[in-house]
């Protein structure tokens with residue numbers, strides 16, 4: 001029989017909490033994945049499940065999901081007081097991928113799993129009330145971060161398996177249920193390794209082709225320059241002249257993505273939740289948002305922060321039809337991303353940066369009714385036309401490299417039986433031009449492989465101008481009111497024209513064509529632009 005002191009010591013020993021080995025998961029801040037260590041303290045007492053470490057609402061709700069899921073594997077938590085800490089405690093935790101790590105860490109604390117089972121393993125997954133593992137966002141950047149931190153293994157939901165298989169250097173297994181994960185750690189059936197998804201025909205084949213375009217030879221040339229040098233484009237013309245048709249065919253002449261580009265694009269789409277059941281994105285993205293979208297929808301935002309349309313079109317094409325119908329703050333907000341190639345979203349506790357370097361294709365009408373300068377009668381007053389065009393500011397217009405006016409196609413062009421040049425033929429020239437740029441960048445150690453992003457120092461090295469070219473550029477600045485930014489863009493475009501001509505030197509003819517691709521004071525007037 002125990003005396004009072006011995007009884008007190010016995011009761012105290014029973015109340016001493018058990019600590020589990022910590023589980024590892026991640027929280028996403030923009031495109032960056034930060035590792036989070038899940039620590040559990042458990043003991044017998046009044047039932048409680050405390051979750052600390054700055055969790056947001058979705059993470060706090062994991063307590064309910066974890067309780068229900070663990071009940072389906074035969075573990076009741078009604079007689080335990082459990083405290084879960086998500087470290088580091090000063091980092092806000094968002095998303096639903098914490099459930100699996102919390103559930104397994106609790107099991108280790110209750111001696112239901114071996115204490116060392118979770119060492120070196122990254123755990124990602126949302127639990128349903130029945131114990132199923134549901135897909136989560138951001139698996140690709142999470143695995144990359146885990147591999148960089150030295151983690152050797154990972155477990156992800158079965159639905160994320162194809163995405164996870166794209167990350168080499170870490171052993172990733174997939175599970176459909178919490179019970180399957182428990183069996184894997186307790187000597188039952190081992191989880192299957194993540195497998196890549198078979199190549200999708202949709203990733204490689206497009207139905208659109210440039211051979212379907214009748215006429216519009218100037219616009220076809222401009223889009224070829226855009227694809228070769230990654231230059232932004234503005235198309236101006238009345239309704240029905242083929243602006244949308246041309247824009248939708250631009251990705252068909254862009255070169256295939258490199259491995260690094262595909263990984264970057266897939267990471268962005270993973271965070272946005274656009275990859276259920278799919279592996280690497282291999283086709284360049286094409287995004288065409290409606291003109292009613294908000295600034296956060298275009299640039300990114302929300303809680304947690306998600307990428308916007310500019311980032312979802314990274315390394316692809318962003319088509320903004322009816323550009324002048326977009327809100328003023330949306331239009332002006334594009335200035336910095338077009339210049340820097342990234343979007344930074346600042347919040348009180350953190351900041352998120354997303355890459356945003358799409359090939360921008362914008363289409364506008366010359367007036368509110370759309371028919372100014374065409375064969376159809378325009379009913380807009382001079383004041384209406386001025387107010388309409390003033391929505392596109394000079395600074396934004398100056399950041400768009402290439403400008404082209406599209407006249408209405410003639411009946412002869414529309415009825416012509418001769419097909420235009422195919423996308424594959426144009427793409428071959430574009431691929432060769434891009435290859436020249438990459439080889440030059442590697443040889444000369446330039447800051448970027450794309451002509452559209454060359455700085456003044458790089459241009460002086462790889463696109464020096466002769467005396468005739470310098471004189472032509474001087475006259476263009478004086479007579480056309482070209483800005484310093486416009487001067488640099490002309491040199492970039494000329495370098496792209498020379499690459500398409502497979503020329504090492506930039507000639508005066510290349511400079512002259514580049515100047516013709518830049519905006520004049522009357523660039524929104526198709527008739528006057530052609531007269532120029």
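The values are calculated or read from the model by the stated rules, or taken from the named source; none is laboratory data. What you see is a predicted model, and the numbers here were worked out from it, not measured in a lab. Here the Cβ positions follow ideal geometry from the backbone for every residue, glycine too, while neighbour counts run over all protein chains shown.
Report whether or not residue 524 is within 25 Å of residue 323 (Cα to Cα), out of contact with any strand residue (DSSP E or B) (no Cβ under 7 Å at 6 or more places or on another chain) and modelled with pLDDT under 85.
So residue 524 fails the test.
Name the residues in the stretch 407-426 that are surrounded by 19 or more Cβ atoms within 10 Å (Cβ to Cβ) and modelled with pLDDT of 90 or more, would you?
423, 426
Only one of these is at pLDDT 85 or above, touching a helix residue (DSSP H, G or I) at 6+ places or on another chain (Cβ under 8 Å) and surrounded by fewer than 16 Cβ atoms within 10 Å (Cβ to Cβ): 429, 389, 461, 434. Name it.
461 is the lone residue from the list that is at pLDDT 85 or above, touching a helix residue (DSSP H, G or I) at 6+ places or on another chain (Cβ under 8 Å) and surrounded by fewer than 16 Cβ atoms within 10 Å (Cβ to Cβ).
Out of 370, 420, I need the residue that is more than 25 Å from residue 227 (Cα to Cα), in a loop (DSSP other than H, G, I, E, B) and either in contact (Cβ under 8 Å) with a residue 60 or more places away in the chain or out of contact with any strand residue (DSSP E or B) (no Cβ under 7 Å at 6 or more places or on another chain) (or both). Which one?
370 is the lone residue from the list that is more than 25 Å from residue 227 (Cα to Cα), in a loop (DSSP other than H, G, I, E, B) and either in contact (Cβ under 8 Å) with a residue 60 or more places away in the chain or out of contact with any strand residue (DSSP E or B) (no Cβ under 7 Å at 6 or more places or on another chain) (or both).
Pick from 111, 99: which is at positive phi and in contact (Cβ under 8 Å) with a residue 12 or more places away in the chain?
Unique residue meeting the criteria: 111.
Could you please let me know if residue 173 is crowded, with 18+ Cβ neighbours inside 10 Å, free of Cβ contacts under 8 Å to residues at least 24 places away in the same chain and either at negative phi or in contact with a strand residue (DSSP E or B) (Cβ under 7 Å, 6 or more places away or on another chain) (or both)?
Considered against the rule, which asks whether it is crowded, with 18+ Cβ neighbours inside 10 Å, free of Cβ contacts under 8 Å to residues at least 24 places away in the same chain and either at negative phi or in contact with a strand residue (DSSP E or B) (Cβ under 7 Å, 6 or more places away or on another chain) (or both), residue 173 comes out as yes.
Considering only the stretch 153-170, state which residues are surrounded by 15 or more Cβ atoms within 10 Å (Cβ to Cβ) and in contact with a helix residue (DSSP H, G or I) (Cβ under 7 Å, 6 or more places away or on another chain).
Once the filter is applied, which keeps residues that are surrounded by 15 or more Cβ atoms within 10 Å (Cβ to Cβ) and in contact with a helix residue (DSSP H, G or I) (Cβ under 7 Å, 6 or more places away or on another chain), the stretch 153-170 yields 154, 155, 156, 160, 163, 164, 166, 167, 170.
For residues that are free of Cβ contacts under 8 Å to residues at least 24 places away in the same chain and crowded, with 18+ Cβ neighbours inside 10 Å, tally how many sit in the stretch 267-312.
So the count comes out to 1.
Residue pairs, Cβ under 9 Å, 6 or more apart or interchain, first in the stretch 32-61 and at negative phi and modelled with pLDDT of 90 or more, second assigned to a helix (DSSP H, G or I) and surrounded by fewer than 16 Cβ atoms within 10 Å (Cβ to Cβ). List them.
Close Cβ pairs (under 9 Å, with a partner that is assigned to a helix (DSSP H, G or I) and surrounded by fewer than 16 Cβ atoms within 10 Å (Cβ to Cβ)) amount to 49/64; 51/60.
Quick one: is residue 339 under 19 Å from residue 318 (Cα atoms) and surrounded by fewer than 15 Cβ atoms within 10 Å (Cβ to Cβ)?
Yes; evaluated as a whole, the condition is true for this residue.
Only residues that are in contact with a helix residue (DSSP H, G or I) (Cβ under 7 Å, 6 or more places away or on another chain) and surrounded by 21 or more Cβ atoms within 10 Å (Cβ to Cβ): list them for the stretch 313-323, please.
Across the stretch 313-323, the qualifying residues are 314, 315, 316, 317, 318, 319.
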